[in-house]
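*Asks:* Just passing along the structure, written as structure tokens.
Nothing in this text is a laboratory measurement; each read-out follows from the coordinates by a stated rule. None of these values were measured; they are calculated from a predicted model.
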């Protein structure tokens with residue numbers, strides 16, 4: 001389990017990712033990304049968070065790797 005401080009920082013980073021996703025992802029893909037981002041921010045367990053992070057890394061790499 002992560003500390004409250006680290007969880008707060010994670011929530012902030014997820015918020016930044018969500019705003020970025022809104023700008024660059026198509027609508028249907030954004031919806032799926034938001035679901036994965038919500039799992040990443042949830043403290044149900046590190047395994048759940050790690051799986052969500054891996055999905056984000058491979059499933060959205062096409063869009064997140066772009067620079068604007």
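*Asks:* Per DSSP H run of at least 4 residues, take -39500 (n - 2.57); add these up for the chain, divide by its residues and hand me the 222 nm value, nearest 500 deg cm²/dmol.
*Replies:* Values: 4 runs with 54 residues, N = 68.
Helix contribution divided over all residues of the chain: -25500 deg cm²/dmol.
*Asks:* Does the chain come out rounded, prolate or oblate by the C-alpha gyration tensor, with a ≥ b ≥ c the root eigenvalues, rounded set by a/c under 1.5 and, if not, prolate when a/b is larger than b/c and oblate if not?
*Replies:* The shape class here is prolate.
*Asks:* Please give the length that would be gained between residue 38 and residue 61 if that part of the chain were fully extended, namely 0.36 nm times their separation in residues minus their C-alpha to C-alpha distance (nm, one decimal).
*Replies:* Taking 0.36 nm per residue and subtracting the Cα distance, the gain is 6.5 nm.
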